[in-house]
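Chemist: Take a look at this one; I'll ask things after.
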Amino acid sequence: MAKTVKVGLIQCSTPKTTGSMEEMRCAMVEKHLGLIDQAAESGVQILGLQEVFNGPYFCATEDKKWYEFAEEVPGGPTLQIISKAAKKHNMVIIAPVYEKEKTGVYYNTAAVFDADGSCLGKYRKIHIPQGSSFCEKYYFKPGNLGFPVFKTKYATIGVYICYDRHFPEGARALSLRGAEIIFNPSATVKSTSQYMWKIEQPALACANGVFVATSNRHGWEEPWRHGEFYGNSYIVDPKGVIVSEGAENRDEVVIADCDFSLIEEVRHNYQFFRDRRPDAYGDLVDPQW
């Protein structure tokens, strides 16, 4: 019997404010709560939020003041609000935030809340980029929780965060562990890698026979203006077909009805899991390479 789940992604811009970090957090969370309500009205059952959804993408420069923006997962103030929203709407919510494990140890983390508001666990971003406008190693320690999957009320899901999507090994691990849909919350600006946005995740979906849902914020963020976030959040099916896509410059909830019977259909046609040869892949985990 087919199992169809209504999946949603929120993409939005950061409110223009010159206030304190707490004012910025409150403004962004309030904006998301309105979009969460909108998603609920449309019948969304699983909803993914964008990378570090409760604030700006502060990683454009190195500034230690942003360490104060981190919060505990799942007990921090932002996630307590998201937990209540998940329970209110009987909705699974993937909520990425800046996590404080303890003073001096911080992660780029996504918490997964089930439809009853309980936190099923978290994923910590494993691949941390560093460049002229992506100073993430200054803020985030590489994730140490591996590639967990979460058996929610509606589906088994995995999470991969932004830069992770350039590394296919994690998506394969999530799929082998039973993920039916992989969420990739992102903060991505227009650059030479923009063309890859529409290539990599359909390829991951095809290679693993899973749905992939990838979100991105949009607009310019002050005062950094290091690049324009371009939205274009989308959901792709196991055949590599983009079934729903957001605009480049608009706040919205991107929604798709995901028929999970497609997973079985695709995997029966393309037996990648049967034919893979882990015994031949030793070089992939050899540090000399």
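Chemist: Please specify each residue of the range 66-80 satisfying the condition of being under 22 Å from GLU30 (Cβ atoms) and either surrounded by fewer than 18 Cβ atoms within 10 Å (Cβ to Cβ) or acidic (Asp, Glu) (or both).
Modeler: Matches in the range 66-80: GLU68, GLU71, GLU72, GLY75, PRO77, GLN80.
Chemist: Residues in the range 149-164: is at least one more than 19 Å from VAL44 (Cα to Cα), touching a residue at least 60 places away in the same chain (Cβ under 8 Å) and over 14 Å from the mean Cα position of the chain (by Cα)?
Modeler: no
Chemist: Considering GLU41, GLU62, GLU30, which residue is of a type in the set (Asp, Glu), surrounded by fewer than 22 Cβ atoms within 10 Å (Cβ to Cβ) and more than 30 Å from ALA256 (Cα to Cα)?
Modeler: From the options GLU41, GLU62, GLU30, the qualifying one is GLU62.
Chemist: Check VAL189 against each of (1) over 14 Å from the mean Cα position of the chain (by Cα); (2) closer than 25 Å to LEU284 by Cβ; (3) of a type in the set (A, V, I, L, M) and name the one condition it does not meet.
Modeler: The one condition VAL189 does not meet is (2).
Chemist: Okay, next question. So, ILE263, is that one in contact with a Ser or Thr (Cβ under 9 Å, 6 or more places away or on another chain), within 28 Å of ILE36 (Cβ to Cβ) and in contact (Cβ under 8 Å) with a residue 12 or more places away in the chain or not?
Modeler: no
Chemist: List pairs: first residue in the range 31-53 and at positive phi, second residue outside any loop (DSSP other than H, G, I, E, B) and of a type in the set (Lys, Arg) anywhere in the structure, Cβ distance under 6 angstrom, at least six positions apart or on different chains.
Modeler: Short answer, once both residue conditions are applied: GLY43/LYS6.
Chemist: In the range 111-132, what residues are in contact with an Asp or Glu (Cβ under 8 Å, 6 or more places away or on another chain) and either in contact (Cβ under 8 Å) with a residue 60 or more places away in the chain or of a type outside the set (D, E, K, R) (or both)?
Modeler: Answer for the range 111-132, where residues must be in contact with an Asp or Glu (Cβ under 8 Å, 6 or more places away or on another chain) and either in contact (Cβ under 8 Å) with a residue 60 or more places away in the chain or of a type outside the set (D, E, K, R) (or both): LEU120, ILE126, HIS127, ILE128, PRO129, GLN130.
Chemist: Related question: Looking at VAL52, VAL7, which one is in a loop (DSSP other than H, G, I, E, B), modelled with pLDDT of 95 or more and buried (at least 23 other Cβ atoms within 10 Å of the Cβ)?
Modeler: Every option except VAL52 fails the conditions.
Chemist: What about ALA179, is it in contact with a strand residue (DSSP E or B) (Cβ under 6 Å, 6 or more places away or on another chain) and among the small types (Gly, Ala, Ser)?
Modeler: Considered against the rule, which asks whether it is in contact with a strand residue (DSSP E or B) (Cβ under 6 Å, 6 or more places away or on another chain) and among the small types (Gly, Ala, Ser), ALA179 comes out as yes.
Chemist: May I ask you to list pairs of residues, at least six apart or on different chains, whose Cβ atoms are under 6 Å apart, with the first in the range 219-235 being closer than 19 Å to TRP197 by Cβ and modelled with pLDDT of 95 or more and the second being charged (D, E, K, R) and in a strand (DSSP E or B)?
Modeler: These pairs meet every condition: TYR234/GLU245.
Chemist: Within the range 147-165, work out how many residues are closer than 9 Å to SER186 by Cβ and in contact with a His (Cβ under 6 Å, 6 or more places away or on another chain).
Modeler: Matching residues across the range 147-165 total 1.
Chemist: Within the range 192-206, can one find any residue that is part of a loop (DSSP other than H, G, I, E, B), farther than 20 Å from LEU49 by Cβ and touching a residue at least 24 places away in the same chain (Cβ under 8 Å)?
Modeler: No, the range 192-206 has no match at all.
Chemist: Would you check which residues across the range 181-191 are out of contact with any Cys (no Cβ under 8 Å at 6 or more places or on another chain) and either among the charged types (D, E, K, R) or assigned to a loop (DSSP other than H, G, I, E, B) (or both) and list them?
Modeler: Of everything in the range 181-191, those that are out of contact with any Cys (no Cβ under 8 Å at 6 or more places or on another chain) and either among the charged types (D, E, K, R) or assigned to a loop (DSSP other than H, G, I, E, B) (or both) turn out to be LYS190, SER191.
Chemist: Can you tell me which condition GLU68 does not meet? The list is (1) within 24 Å of ALA256 (Cα to Cα); (2) of a type in the set (D, E, K, R); (3) free of Cβ contacts under 8 Å to residues at least 60 places away in the same chain, and all the others hold.
Modeler: Going through (1) within 24 Å of ALA256 (Cα to Cα); (2) of a type in the set (D, E, K, R); (3) free of Cβ contacts under 8 Å to residues at least 60 places away in the same chain one by one, GLU68 breaks only (1).
The values are calculated or read from the model by the stated rules, or taken from the named source; none is laboratory data. In this text the structure is predicted, and so the values were computed from the model without any measurement. Note that each Cβ is placed from the backbone with ideal geometry, even for glycine, and that neighbours are counted across all protein chains shown.
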